[in-house]
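First comes the structure, then the notes that go with it.
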Amino acid sequence: MGAMIINYAATTAVIVTIFLFSLLFPDFTTLSTNSKILLWIGFAIALSLLLTRHAYSFWLGIDFWIKPRQPDNPSADKF
């Protein structure tokens, strides 16, 4: 669940940043509003899928940092 939240936050941060930056430029495309919305949705979905592995990896790293796994002590019978 934490990795999904990280993925959502990263995707939202990138999309909002790029969108706000794009507002500085005048409309240089002749696309309709519906076409632009579809492009933004497509970009958000693709970005979310691309960031999924990184979010899960980051979450595993945070989990290991907070609660490290302690290996079992080897018993004398195994030697």
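Things to note:
- Among (1) modelled with pLDDT of 90 or more; (2) within 17 Å of the chain's Cα centre (by Cα), the one test that Met1 misses: (1)
- For Ala9: the one exception among (1) at pLDDT below 90; (2) surrounded by 10 or more Cβ atoms within 10 Å (Cβ to Cβ); (3) not acidic (Asp, Glu): (1)
- Complete set of residues in segment 21-51 that are in contact with a helix residue (DSSP H, G or I) (Cβ under 6 Å, 6 or more places away or on another chain) and closer than 13 Å to Ala3 by Cα: Ser48, Leu51
- Per-region count, segment 1-22, residues closer than 17 Å to Ala44 by Cβ and not in a helix (DSSP H, G or I): 0
The values are calculated or read from the model by the stated rules, or taken from the named source; none is laboratory data. Note that the coordinates shown come from a computational prediction; the quantities given were computed from them, not determined experimentally. With ideal geometry, Cβ positions are generated from the backbone for all residues, glycine too; neighbour counts draw on all protein chains shown.
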